[in-house]
Every structure is written in C-alpha cells, then in structure tokens.
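Undergrad: One structure, as structure tokens, below. Some questions next.
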Amino acid sequence: TTHNCRRRPEEKRSKSPDRKPRPSTIEVPDIMVYIRADGTIGTTSYRKAKATLVSKLITPKCGAAILAVALILNKMVDFGPLVPASTRKPNEHWGFISTDDAFVRSMTEKIAKSKFWQSKTKDGRVAVAKAQTYSQLERADFGGPDGHVPEGGEFFNLETIRVTRCSTTTSALTVYFCGTGVATNRDLVLGSGRKSPTVGTDTFRKYLSCRFDEGVKKGSHHRSVYRLGVGCKDPMAGMSHAWVIVAQPDGTFYWLQSFISHYSLATWMKKKDSLTESGVAGRLTFDELMGKLDGLERLMSINAWTDEANRDYQDLFNVDKNLESVSWRSKKWTEDSRLVLFSWDEACEYPAGGEHDAAGDGEDGSEC
C-alpha cells in the first residue's frame, strides 16, 4: 500500500473571511518612560532616545579611534623566521616604518613569542628579580626587565597605541633590522652570557668615523644598526633615553626614536627640520650626526640646567623639558639628574642572514 502524506484537496481547511492573519512580529510601543532629575515621570520616543545616545557615544573622535585600532590589529602579522628588513630594499625602510602605525607592537610581538622572559641562568633569575622588585618599589612601568613590553594603549590616544616607550621602540627596530635573537641578546635573563655594550661617546665617535671613512674609500657604506642609551644616577629623573641609529649604504644615517608620553616613532619620522640637508629631523649626514654627538657631550658635562642644556636636550630627543606638565625649572636640579653614562653597540649589519646573526659574526674586511 502506498501512503500519500499530502492532504486531499477536499480535506483542506477553508479560510474564513472573518479570520485575521497572525502577525509575524510583535509590535512594541515607541515609548520610553524615564524619571526626571526632579523625581517626576516623563515619556519620550524610544527610537529617538536611542539614536541620540548612539550619536553621543560614537563621535567622530571615537570613530577614528575604533578605525585606528582595527587597522593596527589587522596589520599585526607574523613574518615567520625571516628578518623583516630582508624583504625590502634600503630605500624602502623609511617609508614602510613611518607609515605603519602597528610597527612597534607587531615587531615586539615577535619577542613575546620567543618567550624572552624565561630565566635561563641563576644569575639571570637574580637580575630579573632585582629589576622587578625595583619597578614595584618605584611603582613604575619600565616595560618589563628589558623594556620590550609596550605601554598600555589608551583608546583615544593614537600615540600610545603606536607606542611611545623609547626602549620598546629600540627593541622593535632591532627585531625589524636584525631579528629577535639579536634584539634579546642583551637581556637580563641571559645573566653573564648577555652581550655587553661599549661605554663612552668617544669610542662611538671613533668607530663611526672609521666605518664612514672605509665606506668613502669603497664607494659603499656598511648598513649597520646601532643601539644607544644614555642615563643618569637617578633613573627616575626622567632624563634617560634609548634610541637607534641606522647607517645607510649611501653614507647617511637614520636617527630613530620615540619618547614616553610625548611622541611615537611614526610621529618622530614625520618631523621636519630645515637645518638638516634632508629636511627631516631623523635623516642625517655624517657631519650632522657628529653635531648631535657634540650636543650630547655638552649635556653630559653641565653643572646646572640652563637654556642651552634644554635646547640641546630638545634638539637630541625632541622634548622641551621646560614645558613638561611639572616644569623642569621648578625642580631642584642635582648632579644625579645629569646624563653621565652613554652606552652603545653595533647590533648587526642589516639585514642579518638569520634571526641570531649579530654584528661581528662574519668577516666583512673592516679594520675598525
């Protein structure tokens, strides 16, 4: 027997002319009841009130911030085992770095994935513990024991999303040009096995001059990445700084930096300077770079905070100390606030052949 599951025509229900169709949705009255400040009850249009609230919350400034965060997160990509700079020509680095708002966070993300914070030696564990204890006692965020960790980004402040901490920017640039292995080879966790920097502006000046003279003779300059830092006896004085200098094959130099709570790397790279040959503050000739070192040496020899000292500091690090929220003039300047220690190292000759190829790993024929 075959069963037909369809109802026969004569069995279909007849539609009554008096029967109303069932509504597909439930109509909600467009009324919102609220209590006024004086305690009385009022009513208004629910749709109108909702639209007004959304328009107040999603302002143009808020919309721009949401868009910026979305773009940054979208651009945080993993370059895999390659040194990122190896994918670009020397004349392409400036444009790429200066226009990528996610640059510092995406580069330091590679350090985080390398688990740099895991102590590898006993003396490394002790050094990290001391750094963490000091940070807690001072209630200060130094970006981890070695400054690799970006500051927390404020939603409405694009500069903090880009990152302003100078040590983190230095780490990001080293990852980009040299790889994560080189960017972490001076970390406290390595203990006595960590790479030690060279001390003194005189040694740096002499090495740069030797390298530059070699380049002039050969017709092409070494593409070297230098990590630099300057500090004072009082680490909380707000004077210490870290930055990167990148020597280009044409004999010019990138002076790359950011400054905590003041500006990001991207903002610095857009800064104009009519006194430089390039017209940009961060792109220097050899003589202009030597002039910067002159200013640094003057700062390291002052006995009081003067207008000249402020000009030198601003010329070097793009921060006017006399205009900070807590005026520098109102502070009692002491010798502990003077910059006394300058350190540097040649991180690598970019782009390094591998993630762990530091400067000096191969023979380049240099006598410097």
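Undergrad: Counting only protein heavy atoms and using a 1.4 Å probe, what share of the accessible area of segment 212-327 belongs to carbon plus sulfur, as a whole percent? It would help to have the intermediate numbers written out before the result.
TA: Values: 2540 of 5060 Å².
After summing per-atom areas, the C and S share lands at 50 percent.
Undergrad: So what does Asp336 come to for accessible area, using a 1.4 Å probe and Å² rounded to 10?
TA: Spelled out: Asp336, probe radius 1.4 Å, area about 70 Å².
Undergrad: Could you calculate the contour length gain from His262 to Ser135, that is, 0.36 nm times the residue separation minus the distance between their Cα atoms, to one decimal place in nm?
TA: 43.6 nm
Undergrad: Same structure, new question: Too long at a 23 Å Cα-Cα cut-off: which of Lys271/Lys321; Lys206/Lys292; Lys270/Lys321; Lys272/Lys292; Lys233/Lys332; Lys110/Lys233? Intermediate values should be presented prior to the final figure.
TA: Numbers: Lys271/Lys321 18 Å; Lys206/Lys292 14 Å; Lys270/Lys321 21 Å; Lys272/Lys292 16 Å; Lys233/Lys332 15 Å; Lys110/Lys233 32 Å.
As for pairs spanning more than 23 Å Cα to Cα, those are Lys110/Lys233.
Undergrad: Give me a comma-separated list of calculated 3J(HN,Hα) values for segment 280-285, in order, Karplus coefficients 6.51, -1.76, 1.60 applied at θ = phi - 60°, integers in Hz, x for any Gly or Pro.
TA: 3J(HN,Hα) across segment 280-285, in whole Hz: 10, 5, x, 10, 10, 7.
Undergrad: How high is the FRET efficiency between Val216 and Asp294 when r is their beta carbon distance and R₀ equals 30 Å, given to the nearest 0.05?
TA: Details: r = 21 Å, r/R0 = 0.70.
It comes to 0.90.
Undergrad: Another question, then. With every protein chain kept in the model, how would you rank Thr203, Thr108 by accessible area, 1.4 Å probe, largest at the top? Mind dumping the intermediate values first?
TA: Values: Thr203 50, Thr108 10 Å².
My answer, sorted largest first, is Thr203, Thr108.
Undergrad: Here is a follow-up. Please work out how much accessible surface Asp213 shows to a 1.4 Å probe, ignoring ligands, DNA and RNA, in Å² rounded to 10.
TA: 80 Å²
Undergrad: Using 0.36 nm per residue of separation minus the Cα-Cα distance, give me the extension gain between Ser45 and Asp336 in nm, one decimal. Could you put the intermediate results ahead of the total?
TA: Values: separation 291, 0.36 × 291 = 104.76 nm, distance 6.48 nm.
Going from the current span to full extension adds 98.3 nm.
Undergrad: Also: Report the residues of segment 257-297 in range of a label on Glu324: point 7 Å along Cα→C-beta, backbone N strictly under 11 Å from it.
TA: 260-262
Undergrad: Next question. ³J(HN,Hα) across segment 248-265 via Karplus (A = 6.51, B = -1.76, C = 1.60, θ = phi - 60°), whole Hz, x for Gly/Pro?
TA: 9, x, 8, x, 9, 9, 8, 10, 10, 6, 9, 9, 3, 6, 10, 7, 9, 4
Undergrad: In whole Hz, with x marking every Gly and Pro, tabulate ³J(HN,Hα) for segment 270-276 from phi via Karplus 6.51 cos²θ - 1.76 cosθ + 1.60, θ = phi - 60°.
TA: 8, 5, 8, 8, 5, 7, 9
Undergrad: Determine the per residue accessible area of segment 156-274 with all protein chains present and a 1.4 angstrom probe, expressed in square angstrom. Don't skip to the end; give the middle numbers.
TA: Working: 4340 Å² over 119 residues.
Result: 36 Å² per residue.
The values are calculated or read from the model by the stated rules, or taken from the named source; none is laboratory data. Everything numeric here is computed off the predicted structure, so don't read it as measured data. Please note: Cβ atoms are built from the backbone with ideal geometry, for glycine as well, and neighbour counts cover all protein chains shown. Only protein heavy atoms, including side chains, enter the accessible area calculation; ligands, DNA and RNA are left aside. Shrake-Rupley method; radii C 1.70, N 1.55, O 1.52, S 1.80 Å.
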